[in-house]
Amino acid sequence: MVKAKSRYVCQNCGASFVKWAGRCENCGEWNTLLEQAPSVETESKTALSRGAVSGKKLEAVSINTIEPSDAGSRLSTSFADLDAVLGGGLLLGSVNLLAGQPGIGKSTLLMQICAAVAEGHQVLYVSGEESAGQVKLRAIRLGASSDKLHFASSTSGNDIAKTIEDGEYDLVIVDSIQTLSMAEISSAPGTVSQVSNCGNLIIRAAKTSNTAVVIVGHVTKDGTLAGPKVLEHLVDVVLNFEGDRYGGFKTVRAVKNRFGSTNEVAIFEMANKGLIEVKNPSEALLSERQNTDGSIIMATIEGTRPLLVEIQALVNTTNFGYPKRTASGFDINRLNLLIAVLEKRTKLKLQDKDIFINVVGGMRLNDSAADLAVCMAIASAAAARKLDEEVVVFGEVGLGGEIRSVTAPDRRIAEAKKLGFKHAIAPATIKDKFVLPVKDLRSALVKYMNNK
Ligand code: TYD
Ligand code: MG
């Protein structure tokens with residue numbers, strides 16, 4: 001008999017291969033193939049053949065006879081902005097994934113939510129990462145002391161699903177999905193099969209018992225880890241917790257929300273008694289920022305989400321030889337192209353200038369709407385002129401120096417308004433009172449660069 005061979009399963013997209021390779025042929029991710037024992041494969045095959053026979057015909061009903069889910073069945077997190085991100089609070093029966101880098105504050109945020117919800121509801125916090133004692137320390141620090149807040153330490157997907165299904169709790173926190181495993185599956189915790197199967201078990205339990213569930217998922221800086229990616233398709237709401245681990249703002253956004261919009265954002269700051277909502281982010285953003293020449297705030301879109309980032313330019317006279325052009329967070333070829341456009345279409349002389357571009361906060365811009373902001377930052381630095389403080393910039397620059405329209409202008413404008421800005425220098429095609437329309441690069445510089 002031929003010995004059963006193991007397969008190599010991509011932890012990013014789930015494709016399986018006979019041979020290991022450094023790069024997944026299906027999704028192109030590097031170093032994501034993981035060996036899977038042959039038993040896992042057989043397990044799913046026998047399950048498939050048994051499952052086909054045991055099915056029965058569905059009993060469908062007319063849509064007119066269905067009662068809508070009650071809008072009152074939402075649990076408030078005690079954070080107004082976070083409630084808005086969720087579409088009005090945590091919906092009973094919904095499964096929410098909170099994804100973020102390790103150490104960003106997921107456990108802290110959830111413990112604070114637990115403390116608030118436990119004032120009127122039964123809440124269970126399940127941790128597979130920390131012991132009861134460690135969680136208690138955090139609870140003391142955050143002032144979570146309700147009798148209705150229960151804790152369990154477990155890494156068993158089966159046990160957790162069973163507990164949820166019992167319906168004793170209105171809210172269950174699972175911290176984190178990467179630590180869970182199902183007894184029926186032999187692969188290690190954190191692999192695609194464990195994460196997706198445990199996820200499915202928990203989702204089914206949440207739906208039958210009408211329990212709100214929040215699952216924690218760790219992701220690396222570039223979001224490559226298996227778990228959350230697979231889970232994103234299964235859960236109702238995906239919240240991304242982003243920001244710097246050490247100080248600075250942290251944002252929670254919904255990248256997917258079956259019960260609300262994905263345009264809201266909640267901004268937090270970590271203090272010594274947990275996370276605090278930043279009530280006036282625009283003020284804080286502007287206070288941190290020094291409005292020197294060469295600094296421009298740009299409204300960008302990250303995936304489907306709007307984001308304001310600061311673009312800085314530094315322009316120095318070249319001391320010898322060839323001028324130096326460096327970009328951090330921005331494509332260097334695009335920068336060279338924009339410099340060429342600036343030289344040709346405006347009166348700026350840049351051929352003997354070193355130019356440095358920096359996107360603040362380690363962000364990487366992959367958005368053609370950054371063109372105008374980069375050009376204006378360079379012009380501002382070169383001419384030592386500032387742009388108005390309350391203005392954001394976005395727009396694509398063509399080779400003729402014309403300003404072209406960009407994707408999702410409304411979302412960029414909404415984000416700028418939300419963060420307290422008064423105007424946006426943007427393509428003239430956008431019809432909005434908020435917009436200071438510009439048709440070409442030259443007029444944009446002439447009109448809006450102050451003489452200060
Ligand atoms: P944590 O919530 O454990 O992060 P995650 O669950 O996402 O891995 O904690 C994040 C960091 O926040 C941790 O390094 C300690 C810090 N912290 C505070 O600064 N103040 C606090 O009140 C708490 C509870 C944590
Ligand atoms: Mg944690």
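Details
- Some residue of segment 107-127 being within 13 Å of ligand 2 (Cβ to nearest atom), of a type in the set (Ser, Thr, Tyr) and over 24 Å from the mean Cα position of the chain (by Cα): no
- Output for segment 1-27, where each listed residue is assigned to a loop (DSSP other than H, G, I, E, B) and more than 21 Å from SER196 (Cα to Cα): MET1, VAL2, LYS3, ALA4, LYS5, VAL18, LYS19, TRP20, ALA21, GLY22, GLU25
- In segment 416-445, the residues that are under 18 Å from LEU372 (Cα atoms) form Cβ pairs under 6 Å with partners that are surrounded by fewer than 18 Cβ atoms within 10 Å (Cβ to Cβ) and of a type in the set (Ser, Thr, Tyr), at six or more places apart or across chains, as follows: PRO427/SER405; THR429/SER405.
- Test: residue in segment 185-195 that is more than 19 Å from LEU110 (Cα to Cα), touching a helix residue (DSSP H, G or I) at 6+ places or on another chain (Cβ under 6 Å), at pLDDT below 90 and within 16 Å of ligand 1 (Cβ to nearest atom): yes
- Checking segment 243-250 against the condition returns a match, with at least one residue being away from ligand 1 (no atom under 13 Å from the Cβ) and either touching a strand residue (DSSP E or B) at 6+ places or on another chain (Cβ under 8 Å) or modelled with pLDDT of 90 or more (or both).
- Within segment 105-119, the set of residues being of a type in the set (A, V, I, L, M) and either closer than 19 Å to GLY133 by Cβ or at pLDDT below 90 (or both) comprises LEU110, MET111, ALA115.
- Scan segment 53-104 for residues that are more than 16 Å from ligand 2 (Cβ to nearest atom), over 15 Å from SER261 (Cβ atoms) and either assigned to a helix (DSSP H, G or I) or among the β-branched types (Val, Ile, Thr) (or both) and the total you get is 10.
- Matching residues in segment 140-166 - criterion: being in a strand (DSSP E or B) and under 23 Å from SER73 (Cβ atoms): LEU149, HIS150
- Single condition GLN312 does not satisfy, out of (1) in contact with a Ser or Thr (Cβ under 7 Å, 6 or more places away or on another chain); (2) at positive phi: (2)
- Single unsatisfied condition, SER94 versus (1) under 30 Å from MET270 (Cβ atoms); (2) modelled with pLDDT of 90 or more; (3) surrounded by fewer than 19 Cβ atoms within 10 Å (Cβ to Cβ): (3)
- Just one of (1) more than 12 Å from ligand 1 (Cβ to nearest atom); (2) within 30 Å of THR32 (Cα to Cα); (3) outside any helix (DSSP H, G or I) fails for TYR169. It is (2).
The values are calculated or read from the model by the stated rules, or taken from the named source; none is laboratory data. The structure presented is a predicted model; accordingly, all values stated were derived computationally and were not measured. Virtual Cβ from ideal backbone geometry, glycine too; neighbours counted across all protein chains shown.
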